[in-house]
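Worksheet: one structure, shown below.
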Amino acid sequence: MPNRPPQQMTIIISMYLGYAAMMICRQMVTILSPAMLADETLELTKTNVGDFAAYGTLGALVGKIIWGPLADKFGGRFTLLTGIFFTAIFIIAFGLSPNVIAFTSFSFLLYCSKSSGWPGMTKLIGEWYHPQHYGQVWSILATSSRLSVVLATLFFGWLMSFMHWRIVAFIAAIFALVIFVGCYFYLKETPAPPNFFKEDENNTENTELVNASKQALYNKYNHPLKGTGTFDGLVAFAKSPRVWLVVIMLMVLTCMMAFLDFVAVYLMESYQLTPSQAAMASTVFPVGSLAGLLASIAFYDRFSKRGIRTVLTIALILSLLSVLTLQYLPLFNFSVELNYPIALGAIFLFAFSISPAYYLPMSIFSIEYGGPHSATLVCLIDAFGFAASAAFAFIGGRLADSAGGWSSFMNMLILISAVGIISVWAFMHSEYKAEKQGIHLNQSK
């Protein structure tokens, strides 16, 4: 099967660019926020900006409920293509919006459309890649999210220095539509050969790896939920302690990732930056997240569940230390010239530490545990995460506008980060126990 690697490469490139297009459109709400706050004709406040993120997150939550079953029914290609098209349309509508109500409405619809990306890729990865490569594939695809945010924030932040923010929004939409056309022609739903993965079983002389490969494929094609309906899958998920542990973990981590929506405004107000400078400086968060994912490409599939538990727990401890640094940095009375790079370093480390835990365990778990209902499971877990993130955005915007300002905001983030350590350890410990007992795919009765 000499065409297998090139076919897989085409699929992963298509998914990479397609998800990047959706992430750029979604991130435009955050990128444009400083310029929108500075636009006196709009009369916006930080509370409004927090509400855009919050209602957008609620849109993502609704989208997860919609897109999961649709992806399981119609496939990953349809789901991903539909999402790319509508994110482009709704960022155009956002750029044309005249007031807070319109901004909020189209933010909701934009995030709702973008939420199709992860379930679409979940189905495509399950079809096109060997189970033992899920960690590596997800690590690569997750960098699409972070790299696109970095490049988009730098590029569109630079454009805002000499273009009106509405024009910048339209340019982002045009880029997404170009990617949509490319994905339409190159993205395929399933591989044709029935023995597409057979080559993976014989590519090593290591007997242990060969047996593990065969077992993984057996589990894939003989899943306990094979042939069941969506309702049966939901019942099985609801009865599973492992599902609830991953739900709790993702709720906490999604709140931590939502700090990105406030980074530009936080830096602008804390260090007297212009909106363009703040937008570009905020790329330190997605750069840190990207670096964390690049590191995970090298180790994730090579570590046991016990090893991953240890690494991710240490990473979450570092994320807590990063937030503590941001909160108590002013007490050291350093100069602004020194405080600013320290703050950027702390934000980088925060994002670096949480991104592997946020993207990988849940995504791999959803494919392996969800089987034929993998898209529904990944969306179910994400929906809880987005619900928590919406609450974070509502509360965070108001705390930043309160008398306590950013200090109150950071206190909330410190508490959430502490809970994150516990939740990540608990879920990964449950996965370690499942691996040790040999019940990876056993559903709770």
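The values are calculated or read from the model by the stated rules, or taken from the named source; none is laboratory data. None of these values were measured; they are calculated from a predicted model. Cβ: placed from backbone, ideal geometry, glycine included. Neighbour counts: every protein chain shown.
What residue, of Thr79, Thr45, Thr41, is among the β-branched types (Val, Ile, Thr) and buried (at least 17 other Cβ atoms within 10 Å of the Cβ)?
Thr79
Quick one: is Ser353 in contact with a helix residue (DSSP H, G or I) (Cβ under 7 Å, 6 or more places away or on another chain), part of a helix (DSSP H, G or I), within 22 Å of Thr122 (Cβ to Cβ) and of a type in the set (Ser, Thr, Tyr)?
Numbers: in contact with a helix residue (DSSP H, G or I) (Cβ under 7 Å, 6 or more places away or on another chain): yes; part of a helix (DSSP H, G or I): yes; within 22 Å of Thr122 (Cβ to Cβ): no; of a type in the set (Ser, Thr, Tyr): yes.
No, not satisfied.
Within the stretch 19-27, does at least one residue satisfy the condition of being in contact with a Leu (Cβ under 7 Å, 6 or more places away or on another chain), part of a helix (DSSP H, G or I) and β-branched (Val, Ile, Thr)?
no
Given Met412, Met362, which one is without any contact (Cβ under 8 Å) to a residue 40 or more places away in the chain and part of a helix (DSSP H, G or I)?
Met412
Quick check: is even one residue across the stretch 145-163 outside any helix (DSSP H, G or I), touching a Phe, Trp or Tyr at 6+ places or on another chain (Cβ under 8 Å), modelled with pLDDT under 85 and not basic (Lys, Arg)?
So far as the stretch 145-163 goes, no, none of its residues is outside any helix (DSSP H, G or I), touching a Phe, Trp or Tyr at 6+ places or on another chain (Cβ under 8 Å), modelled with pLDDT under 85 and not basic (Lys, Arg).
Go through the stretch 288-316 and give me each residue that's surrounded by fewer than 16 Cβ atoms within 10 Å (Cβ to Cβ) and at pLDDT 85 or above.
Across the stretch 288-316, the qualifying residues are Thr310, Ile314.
Quick one: Leu338 ticks every box in (1) in contact (Cβ under 8 Å) with a residue 12 or more places away in the chain; (2) out of contact with any Phe, Trp or Tyr (no Cβ under 6 Å at 6 or more places or on another chain); (3) among the aliphatic types (A, V, I, L, M) except a single one, so which number is it?
Going through (1) in contact (Cβ under 8 Å) with a residue 12 or more places away in the chain; (2) out of contact with any Phe, Trp or Tyr (no Cβ under 6 Å at 6 or more places or on another chain); (3) among the aliphatic types (A, V, I, L, M) one by one, Leu338 breaks only (1).
Give, as residue ranges, the helices (runs of 4 or more DSSP H) completely inside the stretch 171-241 that count at least 1 residues that are at pLDDT below 75 and among the aliphatic types (A, V, I, L, M).
Because the criterion is at least 1 residues that are at pLDDT below 75 and among the aliphatic types (A, V, I, L, M), the helices (runs of 4 or more DSSP H) in the stretch 171-241 that meet it are 207-221.
So which of Ala172, Ala142 ends up being closer than 19 Å to Ile13 by Cβ and crowded, with 22+ Cβ neighbours inside 10 Å?
Going through Ala172, Ala142 in turn, just one is closer than 19 Å to Ile13 by Cβ and crowded, with 22+ Cβ neighbours inside 10 Å: Ala142.
So that you can scan it fast, the table gives a plain yes or no per residue for (1) over 16 Å from Ser363 (Cα atoms); (2) polar (S, T, N, Q); (3) in contact with a Pro (Cβ under 8 Å, 6 or more places away or on another chain):
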| residue | (1), (2), (3) |
| --- | --- |
| Leu250 | no, no, no |
| Leu253 | no, no, no |
| Phe259 | yes, no, no |
| Phe262 | yes, no, no |
| Glu269 | yes, no, no |
| Gln277 | yes, yes, no |
| Met280 | yes, no, no |
| Val284 | yes, no, no |
| Ser296 | no, yes, yes |
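Answer yes or no as to whether Val247 is out of contact with any Ser or Thr (no Cβ under 6 Å at 6 or more places or on another chain) and crowded, with 18+ Cβ neighbours inside 10 Å.
yes
Specify which of the listed residues (Ile101, Ile125) is outside any loop (DSSP other than H, G, I, E, B) and over 30 Å from Phe231 (Cβ atoms).
The conditions single out Ile101.
Between Thr47, Thr82, Thr30, which is under 23 Å from Ile171 (Cβ atoms), in a helix (DSSP H, G or I), in contact with an Asp or Glu (Cβ under 9 Å, 6 or more places away or on another chain) and not small (Gly, Ala, Ser)?
Thr30
Could you list, in sequence order, all residues of the stretch 1-15 that are under 15 Å from Glu189 (Cβ atoms) and either surrounded by fewer than 17 Cβ atoms within 10 Å (Cβ to Cβ) or at pLDDT below 85 (or both)?
The answer is Gln7, Gln8, Thr10.
Among residues belonging to the stretch 122-180 that are free of Cβ contacts under 8 Å to residues at least 12 places away in the same chain and among the aromatic types (Phe, Trp, Tyr), point out the one that is nearest to Phe106 (Cα to Cα).
Phe155
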